[in-house]
1. Would you list, by chain and number, the lysines whose Cα falls below 17 Å from the Cα of Lys596, excluding same-chain residues fewer than 8 positions away?
2. Among DSSP beta bridges lying fully in the chain, give the percent that are antiparallel, nearest 5.
3. Which whole number of Å³ per residue matches the convex hull of the alpha-carbon atoms in the chain?
4. Could you name the lysines whose alpha carbon sits less than 23 Å from that of Lys262, not counting residues in the same chain fewer than 8 places away?
5. Indicate, rounded to the nearest 5 percent, the antiparallel portion of the DSSP beta bridges found entirely in the stretch 383-494.
6. As a test of understanding, state the convex hull volume per residue of the stretch 335-408 from its alpha carbons, in Å³.
7. Below 8 Å, C-alpha to C-alpha, sequence gap of six or more: please give me the relative contact order for the chain in percent.
8. In degrees between 0 and 90, to the nearest 10, how far off the longest principal axis of the chain does helix 553-564 point, with axes built from Cα atoms?
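The values are calculated or read from the model by the stated rules, or taken from the named source; none is laboratory data. Treat the numbers as computed from the prediction; the structure is a model and nothing was measured. For neighbour counting, all protein chains shown are included, and Cβ atoms are generated from backbone atoms with ideal geometry for every residue, glycine included. Remember, those area values only see protein heavy atoms, side chains included, never the ligands or the DNA or RNA. Shrake-Rupley method; radii C 1.70, N 1.55, O 1.52, S 1.80 Å.
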Amino acid sequence: MVKRQRIFITGRVQGVGFRPTIYRIARQLGLIGFVYNDTKGVTIEIQGENNKTAQFLSILEKDKPPMAEIKSCETIEIPAVRSEKEFVIKASKTRGEPISQVTADMAVCKDCLSEMKNKSDFRYRYPFINCTNCGPRYSIVKNIPYDRPNTTMSEFKMCGKCAAQYKNPADRRFHAQPVACADCGPNVWLTDNKGKTIQTDKAIAETAKMLRAGKIVAIKGVGGFHLATDALNEKAVKRLRLRKKRDYKPFALMTDSIEKIKQYAIVSEQAEQILKSPQSPIVLLPKKENSAIAPSVAEGVNTYGFMLCYAPLHFLLFAEGLDVLVMTSGNIADEPLICKNDKAIEKLGSVADAFLMHDRKIYRPVDDSIVHFVNDEPVLLRRARGYVPSPIFTEKKCQQEIFAAGSDLKNTFCFGKNNQFICSEHIGDLEDAEVYHHYIESIEHLRKLFEVEPKVVVCDLHPAYLSTQYALSMPSVKIIQVQHHWAHIASVLAEHNLKGPVIGIAADGTGYGTDGAIWGCECLIASLDTFKRFGHLTYYPLCGGDKASKEAVRPLLGLLKKTYGDNFRPKKFNWLFEKIEPDRNRLNIIIDQLEKQINTIETSSLGRVFDAVAAMLELGSFNHFEAQLPMALESIAGESIEERYDFGLIHNTGKPLQLDLGIMLKQIIDDIHKGAKNKIIAAKFHNCLAAALVEMAKCARESTKLDTVALSGGVFCNRYLTNRLIKLLKENDFTVLFNRDVPANDGGISLGQAAVAVARGL
Ligand SMILES: [Zn+2]
Ligand SMILES: [Zn+2]
């Protein structure tokens, strides 16, 4: 019996090769009908024998393109028609309210790789091979609709062979906008550090040769330049650190096979899947002991950040006999990632010995994403290439279009439109003038790309945040300001499509509180429309403004002053201070500042407590990059140590519950005095915090009867603490939620801000 069905599919189904797949399956089953993109997703009509139409969806589910994600699929029976002869792809019906047609950049696929290695293929060894299932997308798009003239590929005219594939609905390059070959597309060349072309017909082989000789080469990739050098060559790595002005932060590594990664790091099955995924992020993996990787690649941490080759160019390079490369973002210090050829020469000419260039322009610089594992689940630490601009869906529709400005550190921003949140890629720390400039430009570019006209603008409560000031300067919009830690918890709720209320535990460096103090370890009873501060870490004084988040001696002195009160005699701790701040004068100035409360604020920051403890254990006394000291402390914490320090909970009627870590501080000082091992002290410290946060959650449950806990904030990038806390909470019958799709650090703030605005019916 002949049947006709109309099928509506939503999800990530546009720009990922969905229509050609449908076309092939329909033809294969001898069905007639059509498919087209519309504002909500994809609409299909199929007509044929009953058993064939039934097979259609099960084959589609199995054979859907790697980047596609079906969110909903609705089928209705409709009367058969007689006028059709075959199955066709129809023009898109995207008038009205188009959703994002732009998808994320994808790692080169298996099929393209094998063509690239096939001598008889016309794209043999072509560094820019791609198809509908792989290649650049977001990084090359200037405007919508996502068609070739609106991408940076517009300057390359397709040759006959490429055009034939592009136009053929049965071809796997049907409407693959960046399609190209050596005859018609972009190419690579090598230059010296002044930008002068080095004459060679083997630019890639020559690059590999330089890298083997310990040189630094800037390599243009998908989302920007990388600075590459031999990761097994300590001298080369040190030279790169010096020239890039990046003294401490771990470098990312790249190689071309899982087997090679396994020589240096422990790769779980799950990690292997993520490494091989089309998103191809950097994955943090436990270091293997005595690995041959140069020590200065990743000092003070117990992980390596590895990624696999993802651009065809990377594979061609490694095929020239390379082992492991440092592949760090092409920029100086904390400036934005560089993606333009001339700018690269100007800025990186003093860092790189040579440049492997290409002429496919990158319109949007997109950094590599970073994934690690929490509770054995993959969690994003930096959301950029491969993940952006995939939307996060919300059940409650945005009544008006929203712009959320994010936080000043690890900034991302977010647009809310219809039932989607579109978060920007990692932008960086706005205090750098160039990053701030890039932030403003990016907002404007993405606003146009996603056709958003924000009527509601959401930002942080902090009056000194540049993101706040920018948001407040936007004309004729409704402004709402959302407390930092509430936004953290809201980001977890948004990801899980929940309204709350939940018990929210937010712990991080600093966030502006509703009382003007600097918060940083908060237990909130939070839903998307409101929150109450149930408890927090006891305030301690912190002096020195911006310096307070860098110099560990400042929080240490503040904590000691809080703990010992009027009995604080700095002289008694000279043995401790000598290791941390040998300059007695400086130390006295800080003590004096605290005494007289000059440039001193009250804070409940937990991140700074980590700094203080790390410094006491002589792991360093300065954060050269955010969370350097906390990361060092985490990585020395001994496994399978169950002991912990003590803490106090202070109940005061009418006031939030207070967590007091004074006892812990005294016990740590005792342990150091007694010569206890650092790995034991670090473990007992982490264990104490996990136990304390569970006790806070229990008090909150008793008072509210809620039993779901949401965790967020930069402190929960700490795997040791987070894994232990989740385990303890579960043992105490809590349901635990945490960030997975957006970072737990400030990179997730913009999503939380946007979600709060939607919940308010804005
Ligand atoms: Zn491909
Ligand atoms: Zn061509």
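1. Hits, sequence-local ones excluded: Lys561, Lys562.
2. Working: 84 of 117 bridges.
Once the DSSP bridges in the chain are tallied, antiparallel ones form about 70 percent.
3. Measuring per residue, one finds 171 Å³ for the Cα hull of the chain.
4. Lys110, Lys249, Lys276, Lys287, Lys288
5. Details: 10 of 18 bridges.
Within the stretch 383-494, antiparallel bridges account for around 55 percent of the total.
6. Once divided by residue count, the hull of the stretch 335-408 is 192 Å³.
7. 11 percent
8. Roughly 50 degrees between the two axes.
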